[in-house]
Every structure is written in structure tokens, then in C-alpha cells.
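To keep things clear, I will list the structure first and then write my remarks on it.
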Amino acid sequence: MKIMLIRHAEPDYSIDSLTPKGRVEAELLARRISRVTDVLGCYLSPRGRALDTAAYTLNKTHWPAQVLPWLEEFRGRCFDPDAGRERNCWDFRPHTYEAHPLWQDPDRFLEDPLFADSNVPRIWKETTDGVDALLASFGYTRKGQVWYCGKNREGTLLLFCHFAISMAVMGYLTHQSPVTLWQKFCMAPSSVTTLVSEERLEGEVVFRCIQLGDMSHLYAGGEPYSTAGLFPEFYDGIDNTSPRNYGSMP
């Protein structure tokens with residue numbers, strides 16, 4: 001089995017939809033995803049930017065799709081000492097991340113004081129319960145870090161969602177701290193992250209990432225990638241992830 005985690009195209013957060021550039025990205029993405037011939041299921045975040053991205057693919061393929069509430073962007077929030085207020089539980093400044101070593105432990109990251117008194121444990125459980133239920137519907141059950149199944153299936157699950165929830169899902173499936181993935185990796189808008197099952201013993205399955213943030217559909221279409229979600233490469237005094245040419249066409 002393959003699991004494709006697909007980030008929405010370049011977003012216009014003010015209307016929870018896509019920028020003009022994002023619509024170009026979503027069309028190029030649809031050309032790629034519509035060629036997947038073994039789709040077992042298509043699942044969508046309820047957020048508008050994910051639904052609008054998926055619509056380009058679904059209009060081409062007419063695949064049935066199901067909205068899963070837990071695929072909404074990861075809603076964990078905690079106190080950010082740099083911001084001096086509660087905010088999302090990713091995108092900490094590097095010195096703050098390094099000062100919290102528990103965040104790097106896949107088994108103990110929820111014990112960190114900033115997380116323990118927040119809603120992060122509840123949202124993490126909601127996420128892992130969602131993954132468990134989805135895979136159980138295809139015959140996979142989890143014990144420890146291994147998934148067991150009577151018959152491992154060929155085919156692909158498509159999840160149109162967001163960066164932070166994608167990294168949470170990948171962290172759970174590969175036993176990595178999601179905080180490390182949030183801090184050290186990025187998925188550009190419309191990019192595709194693919195995990196594939198390995199079955200070295202019959203009925204015993206683990207998942208490995210074979211693509212992270214793949215943008216080959218953009219390169220093939222001559223479309224530059226968006227830096228939405230990525231902090232500036234060089235310091236410019238603006239500490240946010242909005243592209244400087246936000247929403248512009250190439």
C-alpha cells in the first residue's frame with residue numbers, strides 16, 4: 001500500500017481558498033494525480049484550501065471522496081515563549097526548539113511542559129485515532145511500531161490536506177517526533193509526500209517515506225514552487241512564512 005500526503009496548493013488564508021498561482025499549481029497537480037491507476041480511497045481535509053485543491057483532481061477523475069474532520073490542519077496550540085502568547089505548536093524559533101529536548105523524542109514529546117498543559121495531546125490522539133481507523137478499514141491494525149494485516153493490499157490512499165497534519169501522520173507511521181518533522185522539513189504547496197509499506201515478514205508491515213515534498217508536476221509544467229510555509233532563506237527582518245510575491249503569477 002502507498003499513502004500520498006498532498007498539501008494544498010498556494011493558499012489565500014484570508015478566504016481559505018487558493019491564490020491565482022495556487023490554481024495553476026492545483027491544475028498541474030491534477031494532471032499528475034489523475035494518472036494514479038490504483039486509488040483505494042480519496043480523503044479530504046474540510047478546509048476550503050484543501051477542498052479547492054482536490055477539486056481539480058476530482059473533476060478530472062470523478063473519484064468518490066470522503067471528508068475526514070481529523071485531516072483538518074493540526075490544531076494543537078501551546079504557549080510560544082518568543083511570541084509571548086499561545087499559537088500553533090510548530091514553527092518555533094530554532095533556539096526554542098533546541099531548548100526543549102523532549103520534543104525530539106517520538107515517545108516523550110507530549111511530556112514537554114509547553115505541551116503537557118495544552119491541547120496538543122488531545123489533538124495528537126485525535127490524529128492517531130484517525131490514522132488507526134482509516135488503516136483498520138483496510139485491514140491493518142497496529143501493535144507497537146508494526147502494522148499487522150491478513151493481506152497487505154496493493155493500491156494508493158490519497159490524503160489532500162496540509163503541512164502540519166501531514167507531518168503528524170508521517171511521524172506516527174514512521175515513529176518520528178512530529179515536532180522534529182515540523183521544524184526540520186517543509187512541504188511546498190501542492191507537493192506530494194509518499195509512504196510505502198514494507199512487508200519483510202508475511203502480515204507484518206512498516207511504512208517508509210520514499211518521497212517528501214515532491215514537486216515534479218510543477219517542474220514539468222514550468223511553474224516555480226511557492227515558498228508559502230517556508231521562512232526566508234536570508235534574514236530580512238520579517239519573521240513569517242508569507243512569500244514576498246504572495247499570490248503573484250510567474
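Read-outs: derived from the displayed coordinates by stated rules, not from any lab. Owing to the predicted nature of the structure, the values given are computational and were not obtained by experimental measurement. With ideal geometry, Cβ positions are generated from the backbone for all residues, glycine too; neighbour counts draw on all protein chains shown.
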In sequence order, calculated HN-Hα J values of region 134-151 (Karplus, 6.51, -1.76, 1.60; Hz; x Gly/Pro):
4, 5, 4, 5, 10, x, 10, 10, 9, 9, x, 9, 10, 9, 10, 8, x, 8
Where does each of Thr141, Thr19, Thr227 land when they are ranked from fewest to most other beta-carbon atoms within 10 angstrom?
Thr141, Thr227, Thr19
For region 2-220, the convex hull over Cα atoms projects on average to an area in nm² of 12.3 nm²
I want the antiparallel fraction of DSSP beta bridges within the chain, as a percent rounded to 5.
65 percent
Give me Val146, Val192 sorted ascending by neighbouring Cβ count inside 10 Å, so fewest comes first.
Val146, Val192
So how do Asp112, Asp82, Asp132 line up by other beta-carbon neighbours within 10 Å, fewest first?
Asp82, Asp132, Asp112
Sort the following peptides by mean Cβ neighbour count (other Cβ atoms within 10 Å, averaged over residues), highest first: 53-64, 30-41.
53-64, 30-41
